[in-house]
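The numbers here are math on the coordinates, done by the rules we state, and not lab data. Keep in mind that this is a model prediction, so the values were computed, not measured. FYI the Cβ positions are ideal-geometry reconstructions off the backbone, even for glycines, and counts take in every protein chain you see.
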Amino acid sequence: MASGLARREFLSALGGAAAWPLAARAQQSEKVWRIGVLPTGYRQTDPEGQARVTALRDTLGKLGWSDGRNVKLEVRWPGNEIDQIRAEAAALAESTSDVFVVSSNAALTTLKGLNKNIPTVFVQVSDPVGGGYVSSLAHPDGNVTGFQNFEPAVGGKWVGLLKEAAPALVKAAVTVYPDTAAHSQFLRAVEAVAPSLGVRVSAIEVREGNDLERGITEFAATPNGGLIFLPHPRTIDHRVALAEQALQLRLPAIYPFRYFATDGGLMSYGFDQVEQWRGAAGYVDRILRGARPGDLPVQAPTKYELVINLKTAKALDLAISPSLLATAVEVIE
C-alpha cells in the first residue's frame, strides 16, 4: 500500500515537472501584438498626453493585455506641427504595428491616404463621416472606427456660454485651421447662433507660423471681443501661452477641453478625453480578439462639462452669474 502511494506521488510529481516546461513554452510563444499610438498635439513631457497613454495602457491591462508581455505599445509624440504630424503618421504606417490608435484629423487623414490595411481606432476626431474616414457612425465599414470629437452644433453652445460669461461681448473670433475640414462646420454653427445674441463673428485662419498669435492681437484692436478656440493639436500644445495672451489682451475666451481652463483659460466646455482613450482600449481589445473595426460603431460624446476659472474671470473684471456658476462641474478659484 505504501509503495502504491509512493508510486502515485512519483507519477504526480513527474507530471507536474513535465507540465512546467510546456507552460513556460506556451508563455514564451504567446504572440506579442504591436499597438502603434499617436497622441497628436501632446509632447512627451506633457502630463495630459501621458495621462491619455496611461489610460490606454491601464485599461488594456485590465482586459488582459500586458505591455511588454502580450502587447507592445509603440508611442510616437509628433507634437503640434502639421508636417511633423504627417511625418510621424507616415512612419507609423510603415511600422510593424498590428493596430493603430491615433488622435486628430491630421494624423488620421495621413494614415487613411496611405491606404494601409491596418485596423485603426481613433479618438478626438471631428466629423469622421464628412472627413471620409468612415461610411457612417453606426456602420463604419472598412478598417477604421473610434470615438469622435464634438458634434458641429456645439459651436452654438460655445458662443452662447461666452456671451453669458461676458454680456458686453459684441464680436467673437473663431480659430479656424484649414487643415481640419470640420472647423468650417463649427464656424457655421457659431455663425448661425451669434446674431440672436447680438454678436458678430469672424474667423482667424491659421495656416502657418504665428498666424494665430498675430490674428488674436489684430482682433483685440477694438473692444468687447471674445475668442472661441476650436480643437486642434497646435492649440492644445500652446494652451498656456494662448491663455496668457488672451488675458493680457483682455479677451474672454472659451476652449474645448478642461485642461485649457485649469491652465489659465477663462472657461471650457467639452467632454472627458481620457475616457475616450479608455474606450479606445476596449475597441483594441475587441479587434485583437477578432472583431472587425467596421462592425464597431463610432461613438460620440454623451456628456459635456463646463469648467470656469474664476481667478481668470476676476482678472478680466467679469462677474460670472450665479446661474452660470451653478451649471459648472468645476469652478477654479
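Cut-off under 24 Å on the C-alpha distance; same-chain residues fewer than 8 positions from K311 excluded. Which lysines are left, in chain and number order?
K157, K163, K171
For region 144-159, what does the Karplus curve 6.51 cos²θ - 1.76 cosθ + 1.60, with θ = phi - 60°, yield as ³J(HN,Hα) per residue in whole Hz, taken in order and with x for Gly and Pro?
10, 7, x, 10, 7, 6, 5, 6, x, 4, 5, x, x, 5, 4, 5
Mind listing the long-range amide H neighbours of Y42? Cut-off is under 5 Å, sequence gap 5 or more, other chains count too, H placed in the peptide plane at 1.01 Å from N.
Long-range HN contacts for Y42: G79.
Percent of Cα-Cα pairs per 10 Å bin, from 0 to the last occupied bin, for region 28-88, please list those.
22, 44, 26, 7, 0
As a test of the formula, what do you get for the chain when each DSSP H run with n ≥ 4 contributes -39,500 (n - 2.57) and the sum is divided by the residue count, at 222 nm and rounded to the nearest 500 deg cm²/dmol?
Calculated at 222 nm, the ellipticity per residue is -13000 deg cm²/dmol.
Helix 82-93 versus the longest principal axis of the chain: what is the Cα-based angle in degrees, 0 to 90, to the nearest 10?
20 degrees
Work out from phi, with θ = phi - 60° and the Karplus expression 6.51 cos²θ - 1.76 cosθ + 1.60, the ³J(HN,Hα) of each residue of region 98-106, listed in order in whole Hz, and give x for Gly and Pro.
3J(HN,Hα) across region 98-106, in whole Hz: 8, 8, 10, 10, 10, 10, 5, 5, 4.
Which percent of the Cα-Cα distances in region 42-191 go past 27 Å?
In whole percent, the share of Cα-Cα pairs in region 42-191 beyond 27 Å is 33.
If you count the DSSP beta bridges with both ends in the chain, what percent of them are antiparallel, to the nearest 5?
In the chain, DSSP labels about 10 percent of beta bridges as antiparallel.
Given region 67-138, report the % of alpha carbon pairs whose separation exceeds 14 Å.
That fraction is 60 percent.
What ³J(HN,Hα) values, in whole Hz, does the Karplus curve 6.51 cos²θ - 1.76 cosθ + 1.60 give for region 208-222 when θ = phi - 60°, with x put for Gly and Pro?
6, x, 9, 3, 5, 4, 5, x, 5, 4, 5, 5, 7, 5, 10
As I understand it, the value is the acute angle between the Cα axis of helix 47-62 and the longest principal axis of the Cα atoms of the chain; what does it come to in degrees, rounded to 10?
Helix 47-62 and the main axis of the chain meet at about 30 degrees.
Across 5 Å bins from 0, what is the distribution of all Cα-Cα pair distances for region 207-293, in whole percents?
Bin by bin from 0 Å, the calculated values are 3, 13, 21, 18, 13, 9, 8, 6, 5, 3, 1, 0.
Please list, in chain and number order, the residues 5+ apart from V201 or on another chain whose amide H is under 5 Å from its amide H, with Hs placed from the backbone.
Amide H to amide H, under 5 Å and 5 or more residues apart or across chains, V201 pairs with A172.
Tell me the net charge near S268. Cut-off is 11 Å between Cβ atoms, S268 excluded, with +1 for each Lys or Arg and -1 for each Asp or Glu.
With Lys, Arg at +1 and Asp, Glu at -1, the net is -1.
Would you mind checking the tilt of helix 2-28 against the longest principal axis of the Cα atoms of the chain, expressed as 0 to 90 degrees and rounded to 10?
That works out to roughly 40 degrees.
May I ask you to derive the relative contact order of the chain, considering only C-alpha pairs under 8 Å and at least 6 residues apart, and to give it as an integer percent?
18 percent
Could you work out the pair-distance distribution P(r) of the chain from its alpha-carbon pairs, with 10 angstrom bin width and percents rounded to whole numbers?
For the chain, the pair-distance distribution reads 5, 24, 29, 19, 10, 5, 3, 2, 1, 0, 0.
Grab the alpha carbons of region 206-248, take their convex hull, and tell me the volume per residue in Å³.
It comes to 71 Å³ per residue, whole-number rounded.
Using a cut-off of 10 Å between beta-carbons, work out the net charge of the residues near Y177 (Lys and Arg +1, Asp and Glu -1, Y177 not included).
Cβ neighbours under 10 Å give a net charge of -1.
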